[in-house]
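Participant: Once you've had a glance at the structure underneath, I'll fire off some questions.
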Amino acid sequence: MAKLIVKREKSFLSSARKFKVILDGEIIGYVGNGEEAEFDAAEGEHIIQAGISMINGISRKLKINITQDEALMVVKPNPVMWVILILAVIVGANLGIGLSRGYFSLPLLIVLIILMGVSTVFAVGLKQVK
């Protein structure tokens, strides 16, 4: 068995929750904020993902090759999430102010939904270092 090492960079975004580590469609473990986890894995090509869930953000599927020694993966939240978060707060606040004044803004609601969808796609980055 070879070793798969998954290192999660420390970040404020999603810091309270552990990320699932998914290898070939199976959850093999979890890694906390700023932590490193080591897993046993068979040598060869695999598909890996990391994140919370499809709704709360998960990385894209990445094909990796685990050699006899080990493979090192780095997981980090995408910095674009800060921009998306700030935009979502501004749009959500404007939508709430409009609702409190008795009018509804469909375009603002659509923008908020799109921002939420984009945030789940770009929430987590995953790359193979070694």
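Bear in mind that the values in this text are calculations on the coordinates, not laboratory data. None of these values were measured; they are calculated from a predicted model. A quick note on method: Cβ atoms are made from the backbone with ideal geometry, for glycine too, and the neighbour counts reach across all protein chains shown.
Participant: Set the Förster distance to 35 Å, then compute FRET efficiency between residue 38 and residue 89 from the Cβ-Cβ distance, nearest 0.05. Let's see the in-between values first.
Facilitator: Values: r = 38 Å, r/R0 = 1.07.
The pair residue 38/residue 89 has a calculated efficiency of 0.40.
Participant: Further question: For an R0 of 41 angstrom, estimate the FRET efficiency from the Cβ-Cβ distance between residue 65 and residue 109 and round to the nearest 0.05.
Facilitator: On the way: r = 45 Å, r/R0 = 1.09.
Rounded to the nearest 0.05, the efficiency is 0.40.
Participant: Right, something else. Given points 7 Å out from each Cα along the Cα-Cβ axis, report the residue 82 to residue 3 separation in nanometres with one decimal.
Facilitator: 3.3 nm
Participant: According to a simple spin-label model (label point 7 Å from Cα along Cα-to-Cβ), what is the distance in nm between residue 24 and residue 12?
Facilitator: 4.1 nm
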